[in-house]
Amino acid sequence: MNTEMEGEEVLDAVILGASGFTGKYVVREFLSHLERPDGQGLRRIGIAGRNREKLGETLRWAAQGALPPSIPIIEADVTDAASMVALCRRTRLILSCVGPYRLYGEPVVAACVEAGVDYLDITGEPEFMERMEAIYHESALLSGSLVISACGYDSVPAELGVIFHARQWEPPSVPHSVDSYLVLESDKQIVGNITTFESAVLGVANADELHKLRRSRPRRPKLQVPGPPTSKAKSIEHQKSIGLWALKLPSSDAAVVRRTQALLAENPHGLPAVNENSELVEKRRKFWSEVKPLYFGVYLGSKSFWSIPRTICIGLMVVLLGRFSWGRSLLLKYPEIFTLGQFKKRGPTEEEVRSASFKMWFLGHGYSDESRLLQQGSKPNMEVVTRISGPEIGYATTPITLVQCALLVMDQRQGLPKGGVLPPGIVFGPTDLQERLEKRGILFELISKKTIS
């Protein structure tokens with residue numbers, strides 16, 4: 001692991017890309033968590049990026065009128081390998097807010113793995129995550145670097161939401177499938193920033209690379225879900241149980257949850273921690289024994305049917321134009337036009353962030369008694385509905401989830417896996433992350449359980 005250099009303080013964490021649109025919200029969130037839980041003074045954090053002046057402006061903005069704390073400002077450039085090496089010498093953990101990750105993410109991962117420094121990011125780009133796993137997992141295991149992507153809204157709520165939902169199926173009941181339905185709400189317009197949109201456009205442009213990567217890798221075991229195979233998902237559906245119209249989505253959430261499930265198929269009791277006694281081992285084994293395997297799907301939900309054609313229209317424009325360089329140039333030059341105002345170069349205003357919120361419904365079907373699986377032709381006869389709700393997803397929920405993941409790594413490192421390139425669910429599932437998020441306004445609820453005909 002990282003060691004302190006002579007005459008230079010080694011920080012607990014550094015936020016890289018701190019002056020970016022999401023990065024500045026992460027800085028603001030972190031400033032409210034500088035006190036150590038053991039009362040031993042303040043956490044030592046720094047902020048890093050290419051432009052010292054912009055980083056200083058970010059710190060003043062994040063301090064919200066108060067005197068900015070004495071936090072080191074570090075100049076670092078992801079295109080300069082020596083700069084990344086020097087940054088890793090200064091810290092034990094890097095929070096990377098430098099996207100799109102397809103373009104700027106790998107040098108940071110490579111430097112962290114080489115130095116044995118832990119790494120968290122907020123990407124929602126499946127190809128980047130799976131490519132980093134393919135290239136760096138074995139090296140990260142050896143160096144003791146814990147590399148965890150998707151620690152923002154993508155995909156902590158989905159990961160913890162599936163785990164929370166699965167644990168509501170108490171014996172003798174067993175789940176079979178659960179679908180998530182994301183509903184975005186606001187009194188104002190819901191707006192995303194250009195970097196998020198650019199990541200989506202690049203994902204469409206390079207979809208073939210993701211398929212090629214998956215075909216090139218060894219086939220991993222899958223969790224065995226009791227009962228028949230799940231039926232083919234409908235592209236559009238109306239779910240009366242939760243009062244929503246829904247559109248099936250290609251989603252990073254589904255890819256991340258599948259990675260956690262593949263790891264559980266290989267490690268049914270979860271991953272051992274750096275240092276755990278027999279009591280903690282038993283606690284971990286008990287936790288994962290309560291997380292039953294299930295099929296998982298992702299939908300975008302709305303109370304109104306008429307939002308569905310609008311979303312399809314935007315998706316088609318991105319898919320059709322995103323395959324051509326001239327089309328990508330148009331999409332990124334005029335995001336407001338091609339997304340009907342949902343993405344803007346300036347990003348959302350403070351008022352738009354404050355007014356927005358989300359609800360993620362989890363609608364699950366299964367069997368009231370495991371013995372029903374032995375009956376030929378038996379169909380699911382039980383429904384469980386859970387829900388996660390919280391503030392705006394990109395600049396409120398994402399900083400909360402990232403910072404809470406970081407605090408867990410900083411405060412409970414010996415209770416986490418030694419290293420590797422891993423999804424958040426397998427790492428943070430058995431921890432108190434859910435309780436930490438609830439204290440920050442992200443709520444987990446059991447809505448209903450009932451038998452169905």
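Exactly one residue out of V274, V257 is more than 18 Å from T311 (Cβ to Cβ) and buried (at least 21 other Cβ atoms within 10 Å of the Cβ): that is V257.
Mind checking which pairs have a first residue in the stretch 287-302 that is under 13 Å from L244 (Cβ atoms) and a second that is in a loop (DSSP other than H, G, I, E, B), Cβ under 9 Å, 6 or more apart or different chains? If the second residue must be in a loop (DSSP other than H, G, I, E, B), the pairs left are Y299/A233; Y299/L249; Y299/S251; L300/L249; L300/S251; G301/I242. Inspect the stretch 231-249 for any residue being more than 30 Å from S186 (Cβ to Cβ), assigned to a loop (DSSP other than H, G, I, E, B) and open to solvent by 20 Å² or more (accessible area, probe 1.4 Å) and give the result as yes or no. Within the stretch 231-249, one or more residues are more than 30 Å from S186 (Cβ to Cβ), assigned to a loop (DSSP other than H, G, I, E, B) and open to solvent by 20 Å² or more (accessible area, probe 1.4 Å). Put simply, of E185, E170 the only residue that is outside the structural domain of P72 (by the TED database), outside any helix (DSSP H, G or I) and without any contact (Cβ under 8 Å) to a residue 40 or more places away in the chain is E170.
When residues in the stretch 277-302 are screened for being over 25 Å from the mean Cα position of the chain (by Cα) and open to solvent by 50 Å² or more (accessible area, probe 1.4 Å), 5 of them pass.
Only a single item in (1) part of a loop (DSSP other than H, G, I, E, B); (2) among the hydrophobic types (A, V, I, L, M, F, W, C); (3) touching a Leu at 6+ places or on another chain (Cβ under 7 Å) is not met by A150, and it is number (3). Listed by first and then second residue, the pairs linking a residue in the stretch 317-333 that is under 13 Å from L202 (Cβ atoms) to a residue that is surrounded by 15 or more Cβ atoms within 10 Å (Cβ to Cβ) and of a type in the set (K, R), with Cβ atoms under 7 Å apart and 6 or more places separating them unless they lie on different chains, are L321/R328; G322/R328. Of the strands (runs of 3 or more DSSP E) lying entirely inside the stretch 14-118, those containing at least 3 residues that are closer than 30 Å to E130 by Cβ are 45-49, 93-96. Of the residues D187, D179, the single one that is at pLDDT below 95, on the phi < 0 side of the Ramachandran plot and not basic (K, R) is D187. Being assigned by the TED database to the domain that holds S216 and modelled with pLDDT of 95 or more is a property that does not hold for F128.
Taking the stretch 23-54 as the range and being open to solvent by less than 30 Å² (accessible area, probe 1.4 Å) and either closer than 15 Å to L87 by Cα or at pLDDT 95 or above (or both) as the test, the residues that pass are G23, Y25, V26, V27, E29, F30, I45, G46, I47, A48, G49. Only one of the numbered conditions (1) more than 24 Å from Q261 (Cα to Cα); (2) within 18 Å of the chain's Cα centre (by Cα) is violated by D411, and that is (2). With respect to (1) under 23 Å from A254 (Cβ atoms); (2) buried (at least 22 other Cβ atoms within 10 Å of the Cβ), the lone exception for L146 is condition (1). All conditions in (1) surrounded by fewer than 24 Cβ atoms within 10 Å (Cβ to Cβ); (2) more than 30 Å from L142 (Cβ to Cβ); (3) touching a residue at least 40 places away in the same chain (Cβ under 8 Å) hold for R413, with the sole exception of (2). Just one of the numbered conditions (1) without any contact (Cβ under 8 Å) to a residue 24 or more places away in the chain; (2) under 26 Å from the mean Cα position of the chain (by Cα) is not true of S83: (2).
Looking across the stretch 362-390, just one residue is open to solvent by 40 Å² or more (accessible area, probe 1.4 Å) and either under 17 Å from F444 (Cα atoms) or outside the structural domain of P229 (by the TED database) (or both), and that is R387. Being assigned by the TED database to the domain that holds G41, aliphatic (A, V, I, L, M) and open to solvent by 10 Å² or more (accessible area, probe 1.4 Å) holds for only one residue in L95, L141, and it is L141.
Of everything in the stretch 165-198, what is open to solvent by 30 Å² or more (accessible area, probe 1.4 Å) and closer than 22 Å to S357 by Cα? Give them in sequence order. Of everything in the stretch 165-198, those that are open to solvent by 30 Å² or more (accessible area, probe 1.4 Å) and closer than 22 Å to S357 by Cα turn out to be D179, L184, E185, S186, D187, K188, Q189, I190, I194, T195, T196.
With respect to P100, is the statement that it is at pLDDT below 95 and within 28 Å of S357 (Cα to Cα) true? Judged against the criteria, P100 is a match.
The values are calculated or read from the model by the stated rules, or taken from the named source; none is laboratory data. Note that the structure is predicted; figures quoted are calculated from it, not measured. As a convention, Cβ positions derive from the backbone with ideal geometry for all residues, glycine included, and neighbour counts pool all protein chains shown. Accessible surface areas use protein heavy atoms only, side chains included; no ligands, DNA or RNA. Shrake-Rupley method; radii C 1.70, N 1.55, O 1.52, S 1.80 Å.
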